[in-house]
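**Student:** Below is a structure I'd like to ask you about.
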Amino acid sequence: MPQIKSAIKRVKTQAVANERNAAQLSTMRTAVKKFKAAQAAGADNASELYVAAIRELDKAASKGLIHKNKANRDKSRLAKLAK
């Protein structure tokens with residue numbers, strides 16, 4: 001455990017940021033999985049889930065959780081599935 005006051009604060013803020021980032025990544029992955037499952041099953045709400053997955057990928061990229069190229073690559077792959 002750090003002894004310096006600023007280091008103690010940094011540990012706390014890192015913990016909060018880590019929780020936030022983990023939750024955001026989990027939400028993104030869940031949205032992508034839901035779309036893939038709906039597309040495979042031929043569900044009628046697949047287009048809505050596609051939009052939600054794209055939105056989550058964009059949000060994750062804008063917050064720096066994933067690289068913008070990875071987001072674009074994943075969106076391209078989802079678009080291929082959506083056709």
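The values are calculated or read from the model by the stated rules, or taken from the named source; none is laboratory data. Keep in mind it's a predicted model, so treat the numbers as computed, not measured. Neighbour counts are summed over all protein chains in view; Cβ atoms, including those assigned to glycine, are modelled from backbone coordinates with ideal geometry. Heavy atoms of the whole protein, side chains included, go into the accessibility calculation; ligands, DNA and RNA do not. Shrake-Rupley method; radii C 1.70, N 1.55, O 1.52, S 1.80 Å.
**Student:** State the label only: which of [x] 1.44; [y] 1.20; [z] 1.00 corresponds to Cα Rg over 2.2 N^0.38 Å computed from the shown model?
**Tutor:** The value computed from this structure is option [x].
**Student:** Ok, one more. Summing -39500 (n - 2.57) over the DSSP H runs of n ≥ 4 in the chain and dividing by its residue number, what mean residue ellipticity at 222 nm do you reach, to the nearest 500 deg cm²/dmol?
**Tutor:** Calculated mean residue ellipticity at 222 nm is -29000 deg cm²/dmol.
**Student:** Now, a different point. At a 1.4 Å probe, what is the % contribution of carbon and sulfur to the accessible area of the chain?
**Tutor:** Whole-percent figure for carbon plus sulfur exposure: 53.
**Student:** Still on this model: Along Cα→Cβ, 7 Å out, is where each label goes; now give me the distance between the ones at Ala40 and Arg20 in nm to one decimal.
**Tutor:** Taking the two extended label points, one gets 3.4 nm.
**Student:** For the stretch 1-74, which trypsin sites (Lys or Arg not before Pro) pass both filters: DSSP loop (anything but H, G, I, E, B) and at most 13 other C-beta atoms within 10 Å?
**Tutor:** Passing both the DSSP loop test and the Cβ count: Lys63.
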